Amino acid sequence: MSGKLKAAEVSAMLASQMEALARELLPGGKKTGAEWMAGSVAGEPGKKLAVHLYGAKAGVWKDFSQDIGGDPLDLVAHCLTNRDLSAAYRWACNWLGLSTETVEIRRAEIREKAEQAKAKEEEDAKKRVSRARDIWMNAQPNILNTPVDFYLQARGIKLEKFDRPPGALRFAPEHYCAEIEAPLPAMLAAITDLNGRCVAVHQTWLGQHGGQWAKAQLEIPKKVLGSFRGACIRLRKGAAGTTLKQVSPDEVIAIGEGIETCLSVAMALPDLRVLAAISLANLGTIRLPDTARNVLILADRDESTAAKKGLRKAIDTHLSAGRTVDVAWPPKGKDFNDVIGR
């Protein structure tokens with residue numbers, strides 16, 4: 001074996017001490033759950049840059065303001081060495097206290113920690129799914145005349161216009177919020193896979209402001225518990241009334257990002273099947289049945305480079321699956337919820 005650690009090995013060692021490294025590289029940031037949040041690679045306060053601190057994804061980061069990201073060594077390069085990876089490698093070796101004598105010992109540590117992290121991540125993922133399902137099952141199915149109903153009304157969404165309220169939404173009167181370490185009312189949404197199994201839950205904490213229900217005044221009022229890649233929130237079955245797996249080739253499936261923008265479209269077009277992807281990145285990765293041939297993407301008006309790139313990727317993904325793709329844009333505002341005059 002070479003007496004010099006590879007860049008990937010140094011990066012893995014940095015990942016094992018990610019919280020300490022994040023505090024040093026991004027001093028203006030703060031820990032939020034299992035992530036370190038900052039404004040950018042400059043290290044100022046904010047929420048545009050997120051770094052995973054623990055588990056199999058420890059060290060993976062993304063600066064959404066500049067559409068850049070990478071591993072811990074990349075973060076060192078962007079924060080300290082003007083993207084010079086060689087200089088970042090030298091800095092990292094010095095920060096880690098590496099020497100020729102310790103290389104083989106540290107290599108063994110990397111392998112052991114990677115195996116432990118993978119096993120822990122798999123176990124934690126199972127626990128998150130189980131917890132998400134428990135939270136969902138214990139929530140109140142009837143959302144009419146609850147803070148969820150009042151919140152949606154304030155957003156211009158009238159549930160009485162539907163033949164029935166969306167079954168994917170529930171109300172939790174006292175849902176724990178880690179940000180304030182106390183319970184708050186919350187709108188919960190079941191995130192399900194193609195087989196209809198709940199794999200995660202979307203949480204929107206609510207509060208009253210000026211006598212009106214709105215998102216709670218939190219730094220992060222919306223969160224997802226569990227991994228939702230490939231899954232979605234099924235808000236409307238449309239005129240077909242069938243399950244997602246039973247979609248016919250001539251049916252159009254509308255896919256948007258947020259719950260509110262998707263419900264706004266569903267209210268205007270009740271015969272349309274509508275799915276919420278939760279995030280731009282998931283717009284193209286939602287798993288659809290082979291019979292799904294027609295997709296309508298409900299796009300937000302976001303002129304950022306990252307948003308345009310994400311939308312293009314979603315379109316290309318559906319096209320590569322042999323589907324026809326149309327894109328609908330809101331005639332005014334950022335999204336379709338703006339159109340109905342929230």
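The values are calculated or read from the model by the stated rules, or taken from the named source; none is laboratory data. All figures in this text were calculated on a predicted structure; none of them were measured in a lab. With ideal geometry, Cβ positions are generated from the backbone for all residues, glycine too; neighbour counts draw on all protein chains shown. Side chains are part of the model used for accessible areas, which takes the heavy atoms of the whole protein and leaves out ligands, DNA and RNA. Shrake-Rupley method; radii C 1.70, N 1.55, O 1.52, S 1.80 Å.
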Counting only protein heavy atoms and a 1.4 Å probe, tell me what percentage of the chain's accessible area is made up of carbon and sulfur. 52 percent
Mind checking the angle between helix 103-137 and the chain's longest principal axis? C-alpha axes, 0 to 90 degrees, to the nearest 10. 20 degrees
In the stretch 18-145, lysine pairs closer than 16 Å at Cα, eight or more apart or cross-chain: 15
Show me, bin by bin at 5 Å from 0, the whole-percent P(r) of the stretch 72-224 based on Cα pairs. 2, 8, 12, 13, 12, 10, 8, 8, 9, 8, 6, 3, 2, 0, 0
Estimated inter-spin distance, SER227 and THR242, nm [label 7 Å along Cα→Cβ]: 3.0 nm
Lys and Arg at +1, Asp and Glu at -1: add these up for the other residues within a Cβ distance under 10 Å of THR243 and post the number. +3
Can you run phi through the Karplus equation (6.51, -1.76, 1.60; θ = phi - 60°) for the stretch 29-41 and list ³J(HN,Hα) in whole Hz, with x for Gly and Pro? x, 8, 7, 10, x, 9, 10, 9, 10, 8, x, 5, 5
Using the alpha carbons of the stretch 171-242, what is the convex hull volume per residue in cubic angstrom, as a whole number? 115 Å³
Counting C-alpha atoms alone, how compact is the stretch 11-106: give Rg to one decimal and Dmax as a whole number, in angstrom. 12.9, 41
Probe of 1.4 angstrom, ligands and nucleic acids ignored: what's the accessible area per residue over the chain, in square angstrom? 50 Å²
Extension length gain for LYS120 and ASP271 (0.36 nm per residue less Cα distance), in nm, is 49.9 nm
Would you list which lysines come within 22 Å of LYS161, measuring only between C-alpha atoms, while excluding same-chain residues fewer than 8 positions from it? LYS237
Against the longest alpha carbon principal axis of the chain, how many degrees, from 0 to 90 and to the nearest 10, is the axis of helix 305-320 turned? 70 degrees
In the chain, which longest range has no GluC sites (Glu not before Pro) that are both DSSP loop (not H, G, I, E or B) and surrounded by at most 11 other Cβ atoms within 10 Å? 1-180
Please determine, in degrees from 0 to 90 and to the nearest 10, the orientation of helix 85-96 with respect to the longest principal axis defined by the Cα atoms of the chain, where the helix direction is its Cα long axis. 70 degrees
Could you grab the relative contact order for the chain? Cα pairs under 8 Å, six or more apart, rounded to a whole percent. 11 percent
Filter the trypsin sites (Lys or Arg not before Pro) in the stretch 10-117 down to the DSSP loop ones having no more than 16 other Cβ atoms within 10 Å, then list what survives. LYS47, LYS48, ARG83
With only helices counted (DSSP H, runs n ≥ 4, each -39500 (n - 2.57)), the per-residue ellipticity at 222 nm for the chain, to the nearest 500, works out to -10000 deg cm²/dmol
FRET efficiency for GLU44 and LEU194, using Cβ-Cβ distance with R0 set to 35 Å, rounded to 0.05: 0.25
